[in-house]
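Only the coordinates and a few stated rules stand behind these numbers; no lab work does. Predicted model, so just to flag it, every value in this text is computed and none were measured. Cβ atoms come from the backbone with ideal geometry, glycine included; neighbour counts cover every protein chain shown.
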Amino acid sequence: MGKLLSTTSVTFRESIRNRTVLAILLLALGFAASALVLAAMAQDQRVRVITDWGLFCLSAFGVGLAIILGVNLLQKEIGRKTLYVVLSRPLARWQYVLGKFLGELGVLAVEVVLLALALVVMLACEGQPVSGLLLKAMLLYAAEIALVAAWALFFSSFSSPYLSGFFTLGLFVAGRSLEVLQHLIDKVAVPWIHALLQGLFYLLPDLAAFNLAPRVVNDIAVPAGEVAAALAYATGYGSLLVFLSCLLFSRRELA
Amino acid sequence: MTADAAIEIAGLGKTFISGLRRRRTVALRELDLTVAPGEIFGFLGPNGAGKTTAIKILVDLIRADSGSARIFGISSRDRRARRRLAYLPELPNFYDYLNARELLQHLGRLSGLEHNFLRGRVPRLLEKVGLDPGDRRPLRKYSKGMLQRVGIAQAMLADPDLYILDEPMGGLDPLGRRWMKELIAELGRQGKTVFFSSHVLAEAEAVCSRVAFIHRGRLIAQGQLNELLSGGRQEWEIVVAGTKAGNDPSLRQLYHQARSSGSETVFTLGSEHDQQRLLQALLEKGQRVISLNRRHASLEDLFVRLVGGESPAAGSGQVGGSGGN
């Protein structure tokens, strides 16, 4: 346990002190704060604009950071050979991968908490209390960001950072657009294409369930069961990806 | 019952396959090697010979295609083997944003050392390798030589029985190299086994008790340093003032080679008998003899003899896939 925690702690410290990561966090805060400027133009829709823009920033910067950190998590250490003195110790490779991933989740948690606080403060300035619905939305965005990070980790365990980034971003876009795919499946008559699209539908992550912004701004209630189901989905899917990443990395040669 | 060898490599083979055309690069061929506990062993060969590949198999960073590697009787694939060894990679790199103290504490935890123990051990080690324990600068601000010292400190953390050092003098200035040689000698005196690779043969000559030569992934010689060197040829050198003697045809049959060196002539001879004859002839001709030296064959001479004068660079093309050997 000590080895895992030490790896997690070092990954967190190494990332949070990285100037690029700090710049992204500051940029994210700046973008989130710009909601006040947008709200000034929105007259009677101020709360709606601040909420929508604030959640968008939380999600977009979180996903961006998850991809940037995730694809470099293993590859950077392989490229710079910093992992040689780590893996030549009595440490299992799964401990290393899991520790690194948990450290990355810590950095992503900082991003989510910072942007969530920024949103809460802006809403408070407008005299708007934090609703349970908003908290649920933030929680599900955090789960989605963690799932994207797990995808990035999975791809980076066997491919280059650029390809991993491309694959992860592609999956995120596809995962957010599953409704379009479902629509396409309903329209296709050719059996084999239908089966292929159906397979793809089940393989791709269903990220629409994590995007609650439209419901928050329209004040449409989200049952607790729906949130729990989405969280369970993210935990299961993410755990499977981390498990596969550990397996692939354990077999990898570090020449 | 005999004690387990510190390192036992038998029939080790490794081929790298790269690219879409699946280009095969043979890095190791049937390598056999045994290092006894307490030895300072030089693993020598030109760049690209397969040294780093063999070392990476020993520390389980890569896997052999054939053969076996054991550390104190335990397979190198077994995590328990890594409790007995420390590894210093060639030109080591560490985390940019940690300081030396944080790095050593982390690596110590990975070696299974307790936090309280490390609180005392880390500053002592940093001091031992000539670094300031109070230095809070991130490692990205360290010079190559300082990083090499951090590398040695991380290797010494758990006080292992076996040190595997890949090109340990790389990146060090002359003072640093001397320090490293003294450190290796000190580890030897403490009864530790030191297995280090180098392509600079003079380094090995200064500190090793036994050496092995590897070329194109194959072991071409191994043995006690003094035995290997005494098997080599001895040469004599006579240095004479002026350059005329080198052109004297009556002396030509008495030496191997003559070359001008500034205002002097250096004669090279193969035996003591020749040396006596040439010396007498030179004195009879009124030449002023400046010096007479016996030259031992060096490891470098031995290596050139073993590879038959073949350019070592030719070997690197064969094993390029192992990267940075």
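Computed about the Cα centre, the dipole magnitude for the protein assembly as shown is approximately 580 debye when only Lys and Arg (+1) and Asp and Glu (-1) carry charge, each at its Cβ. Each label point was placed 7 Å from the Cα along the Cα-to-Cβ direction; for B:Arg77 and B:Ile17 their separation is 1.8 nm.
Annotation: amide H of B:Glu39 within the under-5 Å range of B:Val194, sequence separation 5 or more or interchain, hydrogens built in the peptide plane.
Toward the positive end of the charge dipole of the range A:7-90, about the Cα centre and with charges on Cβ (Lys, Arg +1; Asp, Glu -1), which of A:Gln45, A:Ala66, A:Gly79 goes farthest? Result: A:Gly79. Approximating the spin labels as points 7 Å out from Cα along Cα→Cβ, the B:Glu237-to-B:Ser250 distance works out to 2.8 nm.
Given the protein assembly as shown, what percent of its DSSP beta bridges are antiparallel, to the nearest 5? Kindly include the intermediate steps, with their values, before the conclusion.
Values: 40 of 58 bridges.
If I count the DSSP bridges inside the protein assembly as shown, around 70 percent turn out antiparallel.
Backbone geometry of the range B:62-75 corresponds, through the Karplus equation with coefficients 6.51, -1.76 and 1.60 at θ = phi - 60°, to 3J(HN,Hα) couplings of 9, 10, 6, 7, 8, x, 9, 10, 10, 10, 6, x, 9, 4 Hz, x marking Gly and Pro. So, R0 is 25 Å and r is the distance between the beta-carbons of A:Phe243 and A:Lys76; what FRET efficiency does that work out to, to 0.05? Result of the calculation: an efficiency of 0.70. Under the shape rule built on the C-alpha gyration tensor, where the axes satisfy a ≥ b ≥ c, the range B:235-295 is rounded, since a/c falls short of 1.5.
What is the range A:2-251 by shape, rounded, prolate or oblate, if you read a ≥ b ≥ c off the alpha carbon gyration tensor as root eigenvalues and call it rounded for a/c under 1.5, prolate for a/b larger than b/c, and oblate otherwise?
Numbers: a/c = 2.12, a/b = 1.23, b/c = 1.72.
Cα axes put the range A:2-251 in the oblate bin.
Using a cutoff of 8 angstrom between alpha carbon atoms and counting only pairs six or more residues apart, the relative contact order for chain B works out to 23 percent. The HN-Hα couplings worked out from phi for the range B:177-193 by the Karplus form 6.51 cos²θ - 1.76 cosθ + 1.60 (θ = phi - 60°) are 5, 5, 4, 5, 4, 5, 5, 4, 4, 5, 4, x, 5, 7, x, 7, 8 Hz, whole numbers, x standing for Gly and Pro.
For the range B:77-135, the list of GluC sites (Glu not before Pro) that fall in a loop by DSSP and count at most 16 other C-beta atoms within 10 angstrom reads B:Glu114.
Say a site is exposed when it is one of the trypsin sites (Lys or Arg not before Pro), sits in a DSSP loop, and has at most 16 other Cβ atoms within 10 Å; what is then the longest site-free stretch of chain B? Longest run free of exposed loop sites: B:137-232. For B:Asn293 and A:Ala224, a Förster radius of 56 Å and the Cβ-Cβ distance give a FRET efficiency of 0.05, rounded to the nearest 0.05. Using alpha carbon centroids, what distance separates the range B:24-64 and the range A:136-192, in Å? Taking the Cα centre of the range A:136-192 as reference, the centre of the range B:24-64 is 43 Å away.
Run lengths n ≥ 4 of DSSP H only: what is the helix-derived mean residue ellipticity at 222 nm for the protein assembly as shown, with -39500 (n - 2.57) per run over all residues, to the nearest 500?
Numbers: 22 runs with 308 residues, N = 580.
Mean residue ellipticity at 222 nm (helix-derived): -17000 deg cm²/dmol.
Rounded to the nearest whole angstrom, the semi-axes of the ellipsoid equivalent to the protein assembly as shown, taken from the Cα gyration tensor as √(5λ), stand at 64, 26, 23, largest first. A crude spin-label estimate for the pair B:Asp32 and B:Glu127, with each label 7 Å from Cα along the Cβ direction, gives 4.9 nm.
Taking a straight line from the alpha carbon of B:Lys128, these lysines sit under 18 Å away, with near neighbours fewer than eight places off in the same chain left out: B:Lys144, B:Lys181, B:Lys192. Projecting the Cα atoms of B:Ala202, A:Ser131, B:Asn93 onto the charge dipole of the protein assembly as shown (Cβ charges, centred on the Cα centre) puts B:Ala202 farthest toward the positive pole. In order along the range A:170-185, the phi-based Karplus estimate (6.51 cos²θ - 1.76 cosθ + 1.60, θ = phi - 60°) of 3J(HN,Hα) comes to x, 5, 4, 4, 5, x, 7, 10, 5, 4, 5, 5, 4, 4, 5, 4 Hz; Gly and Pro are listed as x.
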